[in-house]
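**Student:** Quick one: the structure is below, and I'll ask about it shortly.
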Amino acid sequence: MKWTIPNTLTVMRLLAAPGVAVMFLYFHRPWADWLALTLFISAAITDYFDGYLARLWKQESKFGTMLDPIADKAMVVIAIMVITGYSGMNPWLILPSTVILFREVFVSGLREFLGAKAGLLKVTKLAKWKTTAQMVAIAVLFLGTGLEHLEGIARRGLTPDQYADLVSQGLADPIRSCGPRGCSSYATMVGLTLIWIAAILTFWTGWDYFRKALPFLKEAK
């Protein structure tokens, strides 16, 4: 393996994946949320630049081609695990997350089964859009969990409805300019919408890969 800039960016993105979870071990919230969000966004940006630079400088390699999707999957899987845990196991998040995680494991299994014929399951443009949708959704959800923690501190144990009543009575100040309930609900709602869109794209690409591999699966004994 040559340590070209594109390959180095890919390796850094792979190492950043567990770093998202590590932030919550060594930092208190909401600093952990902001650092995890910053690390995740920085790594997601490299996902574009490593491929772009590799093509621009003609430094595409088998190592980069192999490691790039692994780094993407590691980023998405670990981030989803962290967000699901800190979101209170929201069922509206768990279902699309399950679709995403199942697809990633299933397609990886298909590639391993096909072996030398795994080239049939090349990354498509739709799969790239799927990855982009996942990363944008996760970034917005990280923003939502960070804001929710801050707003929870401001409410001092009150539920959002109780706090909204106090704000409407003039007994408490709005947490954010977004409204009496704060901004976290808006960020979370947008994030959930995006993660559902990502889940649909993820399912679609998974089905496409399954369809391409089906003739070889039928031949298996």
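The values are calculated or read from the model by the stated rules, or taken from the named source; none is laboratory data. Quick caveat: nothing in here was measured; it's all calculated off a predicted structure. Here the Cβ is made from the backbone with ideal geometry for all residues, glycine too, and neighbour counts use every protein chain on show. These accessible areas exclude ligands, DNA and RNA; they are computed on the full protein's heavy atoms, side chains included. Shrake-Rupley method; radii C 1.70, N 1.55, O 1.52, S 1.80 Å.
**Student:** Which members of segment 9-26 meet the condition of being without any contact (Cβ under 8 Å) to a residue 60 or more places away in the chain and open to solvent by 40 Å² or more (accessible area, probe 1.4 Å)?
**Tutor:** Met12, Leu15, Val22, Leu25, Tyr26
**Student:** On the given criteria, is Thr46 outside any loop (DSSP other than H, G, I, E, B), within 19 Å of Val77 (Cβ to Cβ) and modelled with pLDDT under 90?
**Tutor:** Working: outside any loop (DSSP other than H, G, I, E, B): yes; within 19 Å of Val77 (Cβ to Cβ): yes; modelled with pLDDT under 90: yes.
Yes.
**Student:** Collect the residues in segment 27-38 that are open to solvent by 50 Å² or more (accessible area, probe 1.4 Å) and either modelled with pLDDT of 90 or more or not in a helix (DSSP H, G or I) (or both), keeping them in residue-number order.
**Tutor:** Those that are open to solvent by 50 Å² or more (accessible area, probe 1.4 Å) and either modelled with pLDDT of 90 or more or not in a helix (DSSP H, G or I) (or both): Phe27, His28, Arg29, Trp34, Leu35, Thr38.
**Student:** OK, next. If a residue must be crowded, with 19+ Cβ neighbours inside 10 Å and of a type in the set (A, V, I, L, M), how many such residues does segment 39-52 contain?
**Tutor:** 3
**Student:** Given the structure, is Thr84 farther than 23 Å from Tyr209 by Cα, of a type in the set (S, T, N, Q) and surrounded by fewer than 17 Cβ atoms within 10 Å (Cβ to Cβ)?
**Tutor:** Criteria not met by Thr84.
**Student:** So, in segment 137-166, how many residues would count as being under 18 Å from Ala44 (Cα atoms) and in contact (Cβ under 8 Å) with a residue 60 or more places away in the chain?
**Tutor:** 5
**Student:** Here's something else I'd like to know. Answer with yes or no whether Leu35 is touching a Gly at 6+ places or on another chain (Cβ under 6 Å), within 20 Å of Leu150 (Cβ to Cβ) and not aromatic (Phe, Trp, Tyr).
**Tutor:** On the way: touching a Gly at 6+ places or on another chain (Cβ under 6 Å): no; within 20 Å of Leu150 (Cβ to Cβ): yes; not aromatic (Phe, Trp, Tyr): yes.
No; evaluated as a whole, the condition is false for this residue.
**Student:** Among the residues of segment 87-123, which ones are surrounded by fewer than 13 Cβ atoms within 10 Å (Cβ to Cβ) and at pLDDT below 80?
**Tutor:** Gly88, Glu112, Gly115, Ala116, Lys117, Gly119, Lys122
**Student:** Also: Restricted to segment 61-83, and to residues that are of a type outside the set (A, V, I, L, M, F, W, C) and without any contact (Cβ under 8 Å) to a residue 40 or more places away in the chain, which residue is nearest to Gly206 (Cα to Cα)? Write out each step before concluding.
**Tutor:** As a first pass, look at segment 61-83 and keep what is of a type outside the set (A, V, I, L, M, F, W, C): 61-62, 64-65, 68-69, 72-73.
In the following step, the residues that additionally are without any contact (Cβ under 8 Å) to a residue 40 or more places away in the chain were identified as 62, 65, 73.
Details: Lys62: 23, Thr65: 19, Lys73: 14 Å.
Ranking the candidates gives Lys73 first.
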